[in-house]
Structures are given as C-alpha cells and as structure tokens.
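Colleague: Next up is a structure, given as structure tokens.
The values are calculated or read from the model by the stated rules, or taken from the named source; none is laboratory data. Bear in mind the structure is a predicted one, so any value in this text is a computation, not a measurement. A quick note on method: Cβ atoms are made from the backbone with ideal geometry, for glycine too, and the neighbour counts reach across all protein chains shown. When the accessible area is computed, the model is the full protein with side chains, heavy atoms only, and any ligands, DNA or RNA have been set aside. Shrake-Rupley method; radii C 1.70, N 1.55, O 1.52, S 1.80 Å.
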Amino acid sequence: MDRFDTARALVLAAGARLRLARPKAGAVWEKTGHQDLVTRCDRETEQFLRSGILSAFPGDAIVGEEYPATPPGGTGCVWYLDPIDGTTNFVSQHRNYAVSVGCYQDGVPAFGLVLDVERGALYSARHGGGALRDETPIHVSHCGVLRDALLTTPGVLHTFLREHPRRAGLVELAGAVRGVRSMGCVALELCAVAAGEAELFVALRSCPWDHNAARIILAEAGGCICALDGAPLPQDTGSAVLAACSRPLLEQVLAGISANTSSRENG
C-alpha cells in the first residue's frame with residue numbers, strides 16, 4: 001500500500017478501537033491544567049499509529065502530540081498525528097473528537113485524513129485531488145457576507161473572554177456574523193468549514209498536529225487559512241489560526257481585527 005492507503009487503514013482501525021474505549025478512573029491526567037487533558041487512550045492510539053507508519057515507512061519522520069518527534073530518516077516525508085483531537089469531548093461526551101493524520105513531502109502537503117470517530121465520517125484529501133467526506137466530494141460555502149457567516153472556534157474562553165491584543169476585534173467579529181459555535185475540536189471545526197457547514201474558524205492556540213491534516217482538506221475544498229496576523233500558517237510551530245471559505249472573506253476579517261488592534265494600541 002502507498003502512504004495514503006496505509007494512513008487510511010490505520011485511521012479507521014484507530015477509530016474502531018476508540019469507539020469501544022471508555023476512559024477509566026486513573027487513566028485521565030491533566031497536562032497544563034484542568035482544561036488540558038490526556039488519557040491513556042491518547043497515548044495508546046498514538047503508539048498504534050506510529051507503529052503502523054514506521055513499520056511500513058521506517059525512513060519517515062513523525063510529529064505527534066503525545067511523544068517526542070522521531071528524527072528524519074532521509075525520505076523527506078513528515079507525518080503529523082493527533083490521536084484524539086478533542087480529548088475533553090472524548091472524556092466528557094464520547095463524541096465530537098477526531099483522529100487526525102497529515103502527511104507532507106519535502107514541505108509540500110501530500111494528504112490529510114480526519115476521522116470524526118463517533119459519526120464514522122472520514123474527511124480526506126490528497127494534494128490536487130479535491131476533498132471528500134467518505135466518498136462524497138465536499139466544497140466550502142459560497143457565502144461572501146459576514147452577516148450570513150457562521151463562525152466556529154474551539155475555545156470560547158481564550159478567544160472572547162480573556163484579555164489579549166486581538167480580543168476587541170474578535171468580539172466585534174462575533175457580533176457581525178450570523179452566529180458563533182464551539183465544538184472544541186480544531187480538526188473537525190476546520191472540516192466543517194471545508195464541508196460548507198461554517199464559513200469562518202478562529203483559534204488563538206493551535207499546534208501542528210491539531211491543524212496540519214485538516215488544513216489540507218480545507219485547501220482542497222476551496223478554503224483558505226493563515227495565522228491570525230495574516231502571515232502564512234507555519235507547518236512546524238504552534239500558531240493562532242484564522243480560516244475562511246474564501247479569500248475575500250478572510251481579508252475582510254483580517255482588516256477588522258487589525259483595525260481594532262491598532263485602535264486599542266493607540267487608544
């Protein structure tokens with residue numbers, strides 16, 4: 001099998017394992033605080049994915065959430081793994097969480113896979129090949145007006161309630177759009193934009209394993225993504241993230257955030 005087929009098989013198998021899993025007492029830990037959790041299932045799932053990838057492609061590098069990155073082996077191929085994106089949802093709801101796998105070849109997107117585990121919906125995209133949900137092509141919304149747009153964010157507290165330089169602009173954005181929703185899963189929320197179920201996404205904190213698979217799916221569905229300051233979204237470092245169904249809508253949001261940030265700094 002090629003890398004895509006290997007990844008697809010591994011992601012589906014990981015999802016099947018997680019659907020049967022339930023976090024037990026003593027198997028859930030706090031990482032940086034009570035709102036940042038990790039479970040034994042996160043670690044076991046990442047080990048499962050890593051083992052499958054390295055068995056088939058031992059020269060590839062892996063960057064995952066729960067374990068140190070493996071060193072490059074000379075193939076130029078780097079995998080980004082989030083074994084459970086939305087761990088809090090996994091623990092508290094047992095829904096709205098995902099297995100996310102993205103692959104880049106020499107810095108160029110190769111493919112992305114995001115499995116909505118409990119729904120059994122697999123979002124996928126190969127570079128230049130369009131985006132799918134299961135076997136059905138998906139495309140971003142054609143909405144071009146803020147008042148008709150739905151905004152999604154994985155972290156209401158950090159985005160709108162805590163003080164930060166861009167808070168005023170984001171609060172104004174929340175009032176300008178049709179509505180704001182929060183699922184608490186970066187990968188699935190980006191896939192919602194890719195599937196035309198939301199028009200905008202913003203996250204103040206996101207890591208490469210959170211978004212590097214879904215950003216490929218979003219791009220192949222016709223959407224766009226950048227850092228919150230408008231710069232290109234880095235591949236290997238954490239960043240605040242802004243995504244939209246179209247470049248004009250993205251530019252409109254960036255202009256509003258920038259204007260509010262400048263006004264606050266000059267006020």
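Colleague: What's the carbon and sulfur percent of segment 146-263's accessible surface, probe 1.4 angstrom, rounded to a whole number?
Modeller: Values: 2290 of 4410 Å².
The C+S portion of the solvent-accessible surface of segment 146-263 is 52 percent.
Colleague: Further question on the same structure: Starting from the coordinates of the alpha-carbon atoms of segment 146-263, obtain the Kirkwood hydrodynamic radius over all distinct pairs and give the value in Å to one decimal. Before the final figure, lay out the partial values.
Modeller: On the way: mean 1/r = 0.0727 Å⁻¹.
By the Kirkwood definition, the hydrodynamic radius is 13.7 Å.
Colleague: Give, as a single signed number, the net charge of other residues whose beta carbon lies under 13 Å from the beta carbon of Glu220, with Lys and Arg counted +1 and Asp and Glu -1.
Modeller: Numbers: positive: Arg126, Arg133, Arg215; negative: none.
Combined, the nearby Lys, Arg, Asp and Glu give +3.
Colleague: Per residue, how large is the accessible surface of segment 90-168? Use a 1.4 angstrom probe and give square angstrom. Don't skip to the answer; put the middle values down first.
Modeller: Working: 3660 Å² over 79 residues.
With all protein chains present, segment 90-168 gives 46 Å² per residue.
Colleague: Whole number please: convex hull volume per residue of the Cα set in segment 3-137, in Å³? List each step's numbers first, then the result.
Modeller: On the way: hull volume 14.5 nm³, N = 135.
For segment 3-137, the hull spanned by Cα atoms encloses 108 Å³ per residue.
Colleague: OK, next. Ratio of segment 136-178's C-alpha Rg to 2.2 N^0.38 Å, to two decimals?
Modeller: Values: Rg = 12.9 Å, N = 43, 2.2 N^0.38 = 9.2 Å.
For segment 136-178, the normalised Cα radius of gyration is 1.41.
Colleague: Let me ask something else. Counting helices only, and only those DSSP H runs with n ≥ 4, report the 222 nm mean residue ellipticity of the chain as the sum of -39,500 (n - 2.57) divided by its residues, in deg cm²/dmol to the nearest 500.
Modeller: -10500 deg cm²/dmol
Colleague: Please calculate the 1.4 Å probe accessible area of Arg95, with all protein chains present, and give it to the nearest 10 Å².
Modeller: Counting only protein heavy atoms, the figure is 120 Å².
Colleague: Moving on to the next point. At 20 °C and a viscosity of 1.002 mPa s, what translational diffusion coefficient does Stokes-Einstein give for the chain, taking Rh as the Kirkwood radius over Cα pairs? Give it in µm²/s as a whole number.
Modeller: Details: Rh = 18.7 Å.
Result for D is 115 µm²/s.
Colleague: In whole Å, how far is the Cα centre of segment 206-267 from that of segment 146-163?
Modeller: Answer, in whole Å: 13.
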